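Taken together, the values in this text are just the output of simple stated rules run on the coordinates, not laboratory data. Note that the coordinates shown come from a computational prediction; the quantities given were computed from them, not determined experimentally. Ideal geometry is used to build each Cβ from the backbone, glycine not excepted, and the neighbour counts take in all protein chains shown.
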Amino acid sequence: MVGLMAVAAPHAQQPAGTPSSAPRQALPAPAVGAEYPKINLTAGRSTVLMTEFDVTRIAITNPGIADAVVVQPREILLDGKAPGTVSLIIWGGSGRIQYDVVVDAGVLGLEQQLKTLFPGEDIRVIVNEEALILSGSVSSNAIMLKTAEIASLSRCALPR
């Protein structure tokens with residue numbers, strides 16, 4: 001598993017119930033079109049995200065694409081479920097941090113299988129929500145047809 005390190009947000013908000021002589025400040029809203037750090041996952045695979053603060057709450061925008069569970073005060077287990085991008089927001093300590101979780105369909109296995117079966121052939125695999133796409137060039141029509149047959153069978157096994 002890959003460990004990632006989160007950084008506490010620079011604009012902190014004091015947790016509720018904490019005494020303070022200074023007024024609490026709200027965190028600034030993200031700018032429209034703001035870029036957040038990305039976490040890349042493959043559907044059907046998991047990773048552990050480490051934080052530098054104790055996590056008190058998390059939210060993920062679409063648990064059908066990725067799911068997140070706090071497993072230790074500073075560890076979040078992320079599971080890729082289906083291709084797509086979702087937001088993961090983590091609250092804790094005195095702030096929050098947000099990530100874009102990008103889940104790909106996991107075509108690497110199919111691409112490796114095709115390279116093993118057809119060494120020296122230039123075959124690339126792309127998957128989106130609607131199709132599995134093969135591109136490149138091969139040395140014969142027979143290899144092209146066999147590659148398409150294998151890809152068709154593999155499409156049924158790819159996570160949706």
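Its alpha carbons considered, region 35-160 gives a radius of gyration followed by a Dmax of 18.5, 62 Å.
Size descriptors for region 74-133 (Cα atoms only): Rg and Dmax, in that order, 17.2, 55 Å. Ordering of 52-60, 93-101 by packing is 93-101, 52-60, highest average first (other Cβ atoms within 10 Å, averaged per residue).
Working from label points 7 Å from Cα in the Cα-to-Cβ sense, the Asn141 to Gln72 distance is 6.0 nm.
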